[in-house]
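Notes for the one structure printed next.
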Amino acid sequence: MTQGFDTLQIHAGAHPDPATGARQVPIYQTTAYVFRDADHAAALFNLQEVGYIYSRLTNPTVGALADRIAALEGGAGAVCTSSGHAAQLMALYPLMGPGLNIIASTRLYGGTYTQFTQVFKRFGWEAKFVDFDDPQAVADAIDDNTRAIFCESLANPAGVPTDIPAIAKVASEAGLPLIVDNTSATPYLCNPIAMGATLVVHSTTKYLTGNGTVTGGAVVDSGTFDWSASGKFPSLSEPEPAYHGLKFHEALGGMAYTFYSIAVGLRDLGMTMNPQAAHYTLMGIETLSLRMQKHVQNAQKIAEWLEADPRVESVSYAGLPSSPYHDRAKAVYPKGAGGLFTVALKGGYDACVSLVDKLELFSHVANLGDTRSLIIHSASTTHRQLSPEQREAAGAGDNVVRLSIGTEDPADLIADLDQALS
Ligand SMILES: *Cc1c(COP(=O)(O)O)cnc(C)c1O
């Protein structure tokens, strides 16, 4: 029987330590692991036996977290990485090569947009940006060199709820994997794999850890994509020279992508999560559902208060009936529209800068998904590399601030906003 979310977030991936009986997952602060003998070492290096070799590849503390995130997302396997951005590169690495492209949503975390435009160019990869509110436009942008479709679930910066089932249908008809960045919804509010996504990426830096202590990321694989069907994914379907001609998909089936990501991705790119970071994230993830319920409740209250305030031009939050995305949010994200939204101020750019400077309880930081409430003026920070038109398209115009509502008492947050606005 599969267990419920509240059980999995505490127990999945964790077993009493075989050496000591320790109930909590120990921090295995070690670089290497002693081989039983030369044959054991050779079997591990050949992927004939699963075990620990070196912590750039696998580590028991990091592995417990990967298994927990995979369980919460309903995936076959997961790999943890050093950051969310590392997770994005890790997710694409097995699929991409020079001359190939992805179709990406225009609504993305600012740093992701920069990665997809600047870094991709140096690899010879391309991202074609499309408004994902129009699934036909996504379908039309696909060409013979497209290898993936990429979007966020509750998309930055305004928490716009992507219609994942509609986009998954386009991906499936094109025989392409859909990759969903589920950072701001978390598996508590959204299960992309259940809606047809192939891969899920996370910045575990945000809600999964939940307390602003460590950076990290994860790539979760559904285990259901047929990597051999089209000949478009040779890394997974063709012989891998470094492992004696092993064909990952043929040999490992639903675990092919996860094993490839560890055995080739982490081995060669080295974007490994460290065991201390995994520990902090394991601590945080135990209370994920409790925190997300409170984030959603608080965001709803504060968005309603702001919308009724005469100093406010508008509030973009799919939890509000005034939002054009309200019905979609209720249908696709029934547990809530998340803890992030944007507010446009009547006073424009100057009013935004003054607001962030005068707030006392809200922290002015470039982060989201903390228990603490956070605010940022995207136009002058996270989205400043973008042109004004790109900022508008991304929902980060000059007169807009983004709020990440924490789990404090909502009355205190409202009092802080009220004093700073006046
Ligand atoms: C923060 C964030 C990232 C990048 O993650 P890091 O851990 O900062 O590298 C990617 N996507 C989304 C939606 C994010 O919020």
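Just so it is clear, none of the values below were taken in a lab; they were calculated from the coordinates. Being a predicted model, the structure only gives us computed values, none of them experimental. All Cβ positions, glycine included, derive from the backbone under ideal geometry; neighbour counts span all protein chains shown.
Could you tell me which of 212, 51, 298 has its Cα farthest along the dipole of the chain towards the positive end, charges placed at Cβ (Lys, Arg +1; Asp, Glu -1), taken about the Cα centre?
51
Neighbouring Cβ atoms within 10 Å as the yardstick, rank 237, 316, 354 fewest first.
In order of increasing Cβ crowding within 10 Å: 354, 237, 316.
Let me know the charge dipole size of the chain about its Cα centre in debye, to the nearest 20, where only the beta-carbon of Lys, Arg (+1) and Asp, Glu (-1) is charged.
Result for the chain is approximately 480 debye, rounded to the nearest 20.
Please give the contour-minus-distance gain from residue 136 to residue 5: 0.36 nm per residue of separation, less the Cα-Cα distance, rounded to one decimal in nm.
43.7 nm
Using +1 on the beta carbon of Lys and Arg, -1 on that of Asp and Glu, and nothing else charged, what's the dipole of segment 171-287 about the Cα centre, debye to 20?
That gives a dipole near 200 debye.
By how many degrees, 0 to 90 and rounded to 10, does the Cα axis of helix 60-73 deviate from the longest principal axis of the chain?
60 degrees
Give me a comma-separated list of calculated 3J(HN,Hα) values for segment 106-113, in order, Karplus coefficients 6.51, -1.76, 1.60 applied at θ = phi - 60°, integers in Hz, x for any Gly or Pro.
Residue by residue, segment 106-113 yields 5, 8, 9, 3, x, x, 5, 4 Hz.
Taking the Cα-to-Cβ direction at residue 33 and at residue 365 and moving 7 Å from each Cα, how far apart do the two end points lie in nm?
3.4 nm
In nm, give the distance between the simple-model label positions of residue 322 and residue 380, each being 7 Å from the Cα along the Cα-to-Cβ direction.
Between residue 322 and residue 380, the simple spin-label model gives 2.4 nm.
Amide H to amide H, which residues 5 or more places from residue 156 or on other chains are under 5 Å from it, using H placed in the peptide plane?
Those qualifying (amide H under 5 Å, at least 5 residues apart or on another chain) are 109.
Need the C-alpha centroid separation for segment 278-308 versus segment 191-228, integer Å.
About 18 Å separates the Cα centre of segment 278-308 from the one of segment 191-228.
For segment 288-421, build the charge dipole from Cβ charges (+1 Lys, Arg; -1 Asp, Glu) around the Cα centre, then report which of 351, 315, 332 sits farthest towards its positive end.
In segment 288-421, that residue is 332.
When only C-alpha pairs under 8 Å and at least 6 residues apart count, what is the relative contact order of segment 288-421, in percent?
28 percent
Which value, in nm² and rounded to one decimal, describes the direction-averaged projected area of the C-alpha convex hull of segment 36-195?
10.7 nm²
Compute the projected area of the convex hull of the Cα atoms of the chain, averaged over all viewing directions, and report it in nm² to one decimal place.
20.5 nm²
Contact order normalised by length for the chain, with contacts defined as Cα pairs under 8 Å and 6 or more residues apart; what percent is it?
Averaging sequence separation for qualifying contacts and normalising by length gives 17 percent for the chain.
Take the alpha-carbon centre of segment 26-97, take the same for segment 126-184, and report the distance between them in whole Å.
Taking the Cα centre of segment 126-184 as reference, the centre of segment 26-97 is 28 Å away.
Specify the angular offset, from 0 to 90 degrees and rounded to the nearest 10, of the alpha carbon long axis of helix 275-285 from the longest principal axis of the alpha carbons in the chain.
Roughly 50 degrees, rounded to the nearest 10.
Determine the calculated [θ] at 222 nm for the chain from helices alone, applying -39500 (n - 2.57) to every DSSP H run no shorter than 4 residues and normalising by the residue count; nearest 500 deg cm²/dmol.
Rounded to the nearest 500, the figure is -9500 deg cm²/dmol.
Sequence-distant or interchain residues sharing an amide H contact under 5 Å with residue 272, placed H: which?
It is 82, by chain and number.
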